[in-house]
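What follows is a short report on a single structure.
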C-alpha cells in the first residue's frame, strides 16, 4: 500500500521523459472542477498500472499526445495531429490491446555478407487499426503532408464521424455505440506507435472534461 501511495504522489507532482521534468498534466486547469475530476480518474487508473513493470499507453486527448509510459514515467511521446472520438462516455477504465497491427516482414537476402535486421521501424505500417477489450477500436491514419487537399480530406472525415454518431442516436431503439477513436499522426509517429505496442498492452484515455 505505501508503494502505491508513493507512485500516486509522484504521478501527481511530476513525470520524467527524455531527460526533462514537467507536470503530469501541464495543460490541466486547476480552476475547472471537471478537469480535476477527469485527471484524478486517470491517475487512479494509472497508479494500478504503474505498480507493474510493463509499459502502457496513456491516450491524452486534451494534450494531443499518446504517451508510452512505464512505472508512471514517460518513455516516449507521440504527437497527435488531429483526433475524433465517438461514444466518449465509454472511454473510461483500462483497455487491453487484443493484437498488434500486422507487419509485412522483409525478405532476408541469403547472399548478403552483412548482417540483416529481420524487422525495423521502417517496416511498421502507417495506416492500421488497433482493437482493445473492452470493445474499443482505434483507427490510426497517417498524414504525409499538410496541404489544402489534406485539410479537405480531414474535414470530410470529421463530418462523417459526427454523422455516424448522430445516426446512432437517432435509431429506435438506439444502436449500441462502439467506442471508436481516430488518430491522425505523421508517418513516422504512426510507425513508432505500431513499433511500441505489444499484445495485451494496457491503455488509459484522458478525455476532455465535458465528455
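The values are calculated or read from the model by the stated rules, or taken from the named source; none is laboratory data. Since this is a predicted model, take the numbers as computed values, not measurements. Note: ideal-geometry Cβ built from the backbone for every residue, glycine included; neighbour counts use all protein chains shown.
See the values below:
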read-out: Residue in the stretch 32-46 that is outside any helix (DSSP H, G or I) and either modelled with pLDDT under 90 or in contact with a helix residue (DSSP H, G or I) (Cβ under 7 Å, 6 or more places away or on another chain) (or both) present; value: yes
read-out: The stretch 47-62 - residue that is farther than 17 Å from residue 209 by Cβ and touching a strand residue (DSSP E or B) at 6+ places or on another chain (Cβ under 6 Å) and, of those, surrounded by the most Cβ atoms within 10 Å (Cβ to Cβ); value: 56
read-out: Qualifying residue in the stretch 146-167 (condition: modelled with pLDDT under 60, part of a loop (DSSP other than H, G, I, E, B) and either touching a strand residue (DSSP E or B) at 6+ places or on another chain (Cβ under 8 Å) or surrounded by 15 or more Cβ atoms within 10 Å (Cβ to Cβ) (or both)); value: no
read-out: Within the stretch 63-103, tally of residues that are touching a strand residue (DSSP E or B) at 6+ places or on another chain (Cβ under 6 Å), closer than 19 Å to residue 137 by Cα and either without any contact (Cβ under 8 Å) to a residue 60 or more places away in the chain or assigned to a loop (DSSP other than H, G, I, E, B) (or both); value: 9
read-out: Residue in the stretch 80-100 that is modelled with the lowest pLDDT, counting only those that are within 19 Å of residue 192 (Cα to Cα) and more than 14 Å from the chain's Cα centre (by Cα); value: 99
read-out: Residue in the stretch 168-181 that is in contact with a helix residue (DSSP H, G or I) (Cβ under 6 Å, 6 or more places away or on another chain), surrounded by 14 or more Cβ atoms within 10 Å (Cβ to Cβ) and modelled with pLDDT of 55 or more present; value: yes
